[in-house]
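Heads up, the thing below is written out as structure tokens.
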Amino acid sequence: MQTEKNNIISAIKSVLNENLVNAKNEFYEKLNEKLALAMESKFEEYAPTIFEKMDPVGQEDEDIDNDGDTDSSDKYLKNRRDAIGDAIEGEDNEAESENESKEKEEDESENESGEEDSEDEKEKKD
């Protein structure tokens, strides 16, 4: 407790002496110490509960939001995920069909240019 008072007094003296950089550094140092302690205690309190609620991969159940019950929020989340999955699948299908049509066009243009070359070659030979 005495060291905290000394740190505060030191920071105040730095401000009064217009050594603002030193004062800022002292305040940040003290603030970071307090934040580290607070975060450590909260982590120890909440971390175990966060990971206990999650379903193992491949063993998911109907309680999508992992709140302990199956209700309308779980139904909403399931429908939303299904809709997003369908939209992504639709985009993939569209992209595949576009690629296939481009490939067909390229093949057709190669075939047409190939036929013209062979006719030109025939004329040159004659």
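Any read-out appearing in this document is the output of simple, stated calculations on the displayed coordinates, not a laboratory observation. What you see is a predicted model; the values in this text were computed from it and never measured. So basically every Cβ, Gly included, is an ideal-geometry build from the backbone, and we count neighbours across all protein chains shown.
Using a simple spin-label model with pseudo-atoms 7 Å out from Cα toward Cβ, Q59 and N6 lie 5.4 nm apart. Judged by the ratio a/c of the largest to the smallest principal axis of the C-alpha gyration tensor, the stretch 1-52 counts as prolate, that ratio being 1.5 or greater while a/b is larger than b/c.
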